[in-house]
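Visitor: After the structure tokens below, expect a handful of questions from me.
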Amino acid sequence: MLRGITIGTIRVVPMDRGLTLAETLLREVPAEARPQHPGTGWEVGRLALAPEYRSDTEALKRCLFLSLDYLSHHAAAPELYATCSHVLSRLYRRFGFRAFAQDVLLPGTQKSYTLIHGHSADVLSALSRRGMPGTHPGELQ
């Protein structure tokens with residue numbers, strides 16, 4: 001929310017129910033390339049920002065920080081996963097994620113994805129030390 005107006009949403013889903021794109025794509029990745037404990041992971045996805053904020057890296061960082069901070073206080077979520085394009089994986093690397101599989105094809109399609117992973121504590125630490133603005137009236141909350 002910014003000044004009482006919703007500017008974005010994000011969805012975080014546990015990866016032990018077969019519901020996420022990351023789970024589907026992980027089956028296409030050789031076992032030796034996968035992080036060790038995907039069953040304890042949560043997929044971070046469906047990040048949507050209002051058009052006027054999509055190029056605002058600070059808004060993205062703040063939304064991601066607030067979402068993951070909330071998650072960390074309400075659920076055990078030691079591992080985070082996401083799917084994205086190769087270009088976006090470089091952006092998320094700045095936030096504590098690392099790409100572990102690129103050009104993973106979604107079965108039955110020609111769509112390919114990069115899979116990224118991060119330990120929740122590392123991601124939160126990276127987000128909080130990257131100059132997160134304090135919460136002042138009118139800032140993202």
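Bear in mind that the values in this text are calculations on the coordinates, not laboratory data. Fair warning: this is a prediction, and the values are worked out from it, not measured in the lab. Note that each Cβ is placed from the backbone with ideal geometry, even for glycine, and that neighbours are counted across all protein chains shown.
Visitor: Give just the number: which of (1) part of a helix (DSSP H, G or I); (2) buried (at least 18 other Cβ atoms within 10 Å of the Cβ) does residue 81 not satisfy?
Guide: The number of the failed condition is (1).
Visitor: Looking only at the stretch 14-23, filter to residues that are surrounded by 18 or more Cβ atoms within 10 Å (Cβ to Cβ) and not in a loop (DSSP other than H, G, I, E, B); which one of those is nearest to the chain's Cα centre (by Cα)?
Guide: 22
Visitor: Looking only at the stretch 112-131, count how many residues are touching a Cys at 6+ places or on another chain (Cβ under 6 Å) and loosely packed, with under 15 Cβ neighbours inside 10 Å.
Guide: Counting residues in the stretch 112-131 that are touching a Cys at 6+ places or on another chain (Cβ under 6 Å) and loosely packed, with under 15 Cβ neighbours inside 10 Å gives 0.
Visitor: Additional query: Report, by residue number, each residue of the stretch 27-75 that is in a helix (DSSP H, G or I), in contact with a helix residue (DSSP H, G or I) (Cβ under 9 Å, 6 or more places away or on another chain) and more than 17 Å from residue 95 (Cβ to Cβ).
Guide: Once the filter is applied, which keeps residues that are in a helix (DSSP H, G or I), in contact with a helix residue (DSSP H, G or I) (Cβ under 9 Å, 6 or more places away or on another chain) and more than 17 Å from residue 95 (Cβ to Cβ), the stretch 27-75 yields only 38.
Visitor: A follow-up question, please. So, in the stretch 97-116, of the ones that are over 14 Å from the mean Cα position of the chain (by Cα) and β-branched (Val, Ile, Thr), which residue ends up nearest to residue 79 (Cα to Cα)?
Guide: 104
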